[in-house]
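Notes follow the structure.
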Amino acid sequence: MERLANAAERLDGPLDDAASLAGNLRDLRRFNRLAGGTSLSLRALEHLRARTRGPLAILEVLDVGTGAADIPLAMLDHGARQGWPIRVTATDSRTEVIAAARKLDPRLDRQAGLEVTVGDGLRLPFADGSFDVAHASLLLHHLEPEAAEALLGELRRVARVGVIVNDLVRSRRSLLGAWLLVHVFTRNPFTRNDAPLSVRRAYMLPELERLALRAGLAVSARYRGPFGHRWALALRPIQPSGSQA
């Protein structure tokens, strides 16, 4: 199944329909939770945390393209359950998305350990190595290969330990599943338009791994969703020859 290039989703265009945007974020939050997307990111996060060197006072995480910021909230809850301190900075390039997310979940303005801010993943406003882990969920498929590689490079630049990428599987089975999912569970026009299109725009794992390699990242662990529709990769920076990881 060939990747659909140079296509635009509703979420990539004007976001002047506040009700539809809020409904779309609500749908994505629900699908992340029920279809295993959130748990994939948590498994990858545990993997990378176990590979930190030396004592770690607090795990610093950057989430790029945060949407409803539901995965950052899940990371904070998971850290609390596991007994390890964690702080998450959640960014999105669209002010409309941040505003809708705050309205959807008031916890975003009062949750300890969480900062929500506007930020472009291709030009992150953070110094090199500002975070232990950089994370992006359902973001990479929005970008064409050159921009996707640039995003991975930016995530690598700001992350000391590693990068997590979580996205969809491009396949006819996933396309059928997305169509059925949105026609059974939602009437939201953004979700109904974007979900099947997102599957068609997604990268296959070998394609992503090549992009990651060009961005200076190597696969440390792979995780697959329970329905085979989604994956997450834990990526580590490729060390220069002669240096230690």
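What follows draws every value from the coordinates through simple rules; no lab data is involved. Just so we're clear, the structure is a prediction, and the values are computed from it rather than from any experiment. Don't worry about glycine lacking a Cβ; one is built from the backbone with ideal geometry, like all the others, and counts go over all protein chains shown.
Of the residues Pro196, Leu181, Ser137, the one whose Cα sits farthest toward the positive end of the charge dipole of the chain, with +1 on the Cβ of Lys and Arg and -1 on the Cβ of Asp and Glu, is Leu181. Considering only C-alpha atoms, what is the centroid distance from region 30-70 to region 105-164, in Å? The distance from the Cα centre of region 30-70 to that of region 105-164 comes to 12 Å. FRET efficiency for the Arg110 to Ala19 pair, using the beta carbon distance and R₀ = 22 Å, is estimated at 0.35. If R₀ is 35 angstrom, what is the calculated FRET efficiency for the pair Gln82 and Arg172, using the beta carbon separation as r and rounding to 0.05? Using R0 = 35 Å, I get an efficiency of 0.40. DSSP beta bridges confined to the chain are antiparallel in about 40 percent of cases. Please work out whether region 150-245 counts as rounded, prolate or oblate from its C-alpha gyration tensor, where a ≥ b ≥ c are the square roots of the eigenvalues and a/c under 1.5 means rounded, while otherwise a/b larger than b/c means prolate and anything else oblate? Taking the square roots of the gyration eigenvalues as a ≥ b ≥ c, region 150-245 is prolate.
Charge dipole (Cα centre; +1 on Lys/Arg Cβ, -1 on Asp/Glu Cβ; no other charges) of region 13-237 amounts to roughly 800 debye.
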